[in-house]
Amino acid sequence: MFRTPQEAAEALYAAIPHALSRAMLEDYGIEATIEQARQVTQEVLSLNLFWIRCALEAVLPPKPRELVLGELRERILSGWGSDLALDGLDAQRYFQESEERLRNYAQAMQEGASPVMIATEAAALLGADSAVQPEDRAKVVALITDLVPVDDLGELADQIRLSG
């Protein structure tokens, strides 16, 4: 059970993948440059943030939810260059752009999209951004499905019992 926003943020951060290496992508049959691997890392991070937000919306009122999300953002920033291997990229710009992604995913979900359909949308975005080859979209969907623990994130959110 998590009693502080920091504890909750740490648990959620620990549950999501961090830097995606070229070797990990190759395990899925995806050839990528270092820069492309970083783009995929960012998209997987965005998807995880989306599902975390959904899970928190289901169990927490707005103010505590924002406290946890704020702590999670700080935790992501502290691991930006190390855990996520995104040094040299503008984290603030990422968070601004990810807000638009989160809105798009939320809209798709409101329209009835399943987690697999949202993963397919993310793979299409990565293809459109030239982060992956168009013919690798199915492989990217498999990668995303494996690396975005939707159910686990929901279970973690369910364990949040903020005190004070």
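The values are calculated or read from the model by the stated rules, or taken from the named source; none is laboratory data. Not measured: the values here are computed from a predicted model. Please note: Cβ atoms are built from the backbone with ideal geometry, for glycine as well, and neighbour counts cover all protein chains shown.
Taking the criterion of being surrounded by 22 or more Cβ atoms within 10 Å (Cβ to Cβ), among the small types (G, A, S), in contact (Cβ under 8 Å) with a residue 12 or more places away in the chain and part of a helix (DSSP H, G or I), would at least one residue in the range 52-68 satisfy it?
yes
Is it the case that some residue within the range 98-112 is within 25 Å of A32 (Cα to Cα), at pLDDT below 95, small (G, A, S) and crowded, with 16+ Cβ neighbours inside 10 Å?
Yes, the range 98-112 contains at least one residue that is within 25 Å of A32 (Cα to Cα), at pLDDT below 95, small (G, A, S) and crowded, with 16+ Cβ neighbours inside 10 Å.
Do you know which residues across the range 111-164 are of a type in the set (S, T, Y) and either more than 23 Å from Q6 (Cβ to Cβ) or under 15 Å from the mean Cα position of the chain (by Cα) (or both)?
Those that are of a type in the set (S, T, Y) and either more than 23 Å from Q6 (Cβ to Cβ) or under 15 Å from the mean Cα position of the chain (by Cα) (or both): S114, T120, S130, T145.
Are any of the residues in the range 27-41 out of contact with any His (no Cβ under 9 Å at 6 or more places or on another chain), surrounded by fewer than 17 Cβ atoms within 10 Å (Cβ to Cβ), more than 19 Å from V132 (Cα to Cα) and small (G, A, S)?
no
In the range 18-51, which residue that is in contact (Cβ under 8 Å) with a residue 60 or more places away in the chain and charged (D, E, K, R) is farthest from D158 (Cα to Cα)?
The residue in question is E31.
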